[in-house]
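Below you'll find the structure, written out as structure tokens, and then a few comments.
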Amino acid sequence: MRDTIINKSVEMFLTLGFKSVTMDDIANELAISKKTIYQHFENKTKLVEATTLHVFNNICDGIDCICSASKNPIEELYDIKMFVMNYLKNEKTSPQYQLKKYYPKTFELLQVKQFEKMHESVKESIQKGVDTQLFRSNIDVDFISRMYFNGMSGIKDGTIFPPELYNMEYLMESYLEYHLRAIVTEKGMKILNNFIKQNQS
């Protein structure tokens, strides 16, 4: 039952937003009593925390699969972007922003976990790019991986990038290109140009 509640909550939170979905809404959707939810989750904050960690773990598993199967780090980043976009339903409800505003402690916990996960996997990916001569050999791998995380977090800030002006797909696409152009070699640029053309067609 706990998993059923989490799965339904994830679906509703990502579609409608953390703020607008109530415990009553979730109970009604599942055709169970609110009391049943409270048997598994003390309050809505605990449910939000459980659902965000569930989403985070699923995304991490997906990213790990992509990393182990990808041909090169440029393709890897594009595949990860597509996977995350599809999983988060294009973030129409700005779940990240709502989480930060209404559940700041859960947001901070998630930020730490995201950084730990992304910093290591991005570092490995960038190093792979350097080793295969797709990325410049003189870049500071640790610094670039931190910058990448910082930028990816930054584009989700609705005060800097208002959702009515920028949709998340455009922001992720543009930031990815911006990031890669800064570190690719000529060899890497050829691969990057192919991805840019594919995404424009």
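The values are calculated or read from the model by the stated rules, or taken from the named source; none is laboratory data. The model shown is predicted, which means the values in this text are computed figures rather than measured ones. Because the Cβ atoms are built from the backbone with ideal geometry, glycine has one as well, and the counts that use them run over all protein chains shown. These area figures cover heavy atoms from the full protein model, side chains too; ligands, DNA and RNA do not enter into them. Shrake-Rupley method; radii C 1.70, N 1.55, O 1.52, S 1.80 Å.
So the values come out like this:
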read-out: Segment 1-129, accessible area per residue, ligands and nucleic acids excluded (1.4 Å, Å²); value: 52
read-out: Segment Gln200-Ala182, length gained on full extension (0.36 nm per residue, minus Cα span); value: 4.5 nm
read-out: Percentage, to the nearest whole number, of Cα pairs in segment 123-201 over 18 Å apart; value: 47
read-out: Residues with amide H under 5 Å from that of Phe135, placed H, sequence gap 5 or more; value: Val130, Thr185
read-out: Subset of Lys44/Lys105; Lys128/Lys187; Lys19/Lys81; Lys34/Lys100; Lys44/Lys100; Lys71/Lys117 violating a 19 Å alpha-carbon distance limit; value: Lys19/Lys81; Lys34/Lys100; Lys71/Lys117
read-out: Degrees separating the helix 141-154 axis from the principal Cα axis of the chain, which is the longest one; value: 40
read-out: For segment 107-201: relative contact order, % (alpha-carbon pairs under 8 angstrom, 6 or more apart); value: 32
read-out: Helix axis angle, 104-131 relative to the chain longest principal axis, alpha carbon, degrees; value: 20
read-out: Compactness index (Cα Rg / 2.2 N^0.38 Å), segment 1-89; value: 1.30
read-out: √(5λ) per eigenvalue of the Cα gyration tensor, the chain, largest first, Å; value: 35, 17, 15
read-out: Gaussian network model of the chain, springs between alpha carbon atoms under 10 Å - residue of Ile160, Ile183, Ile191 with greatest fluctuation; value: Ile160
read-out: Using a Förster distance of 41 Å, the FRET efficiency for Asn167-Ala31 (Cβ separation, nearest 0.05); value: 0.75
read-out: Accessible surface of the chain [probe 1.4 Å, protein heavy atoms]: carbon and sulfur percent; value: 52
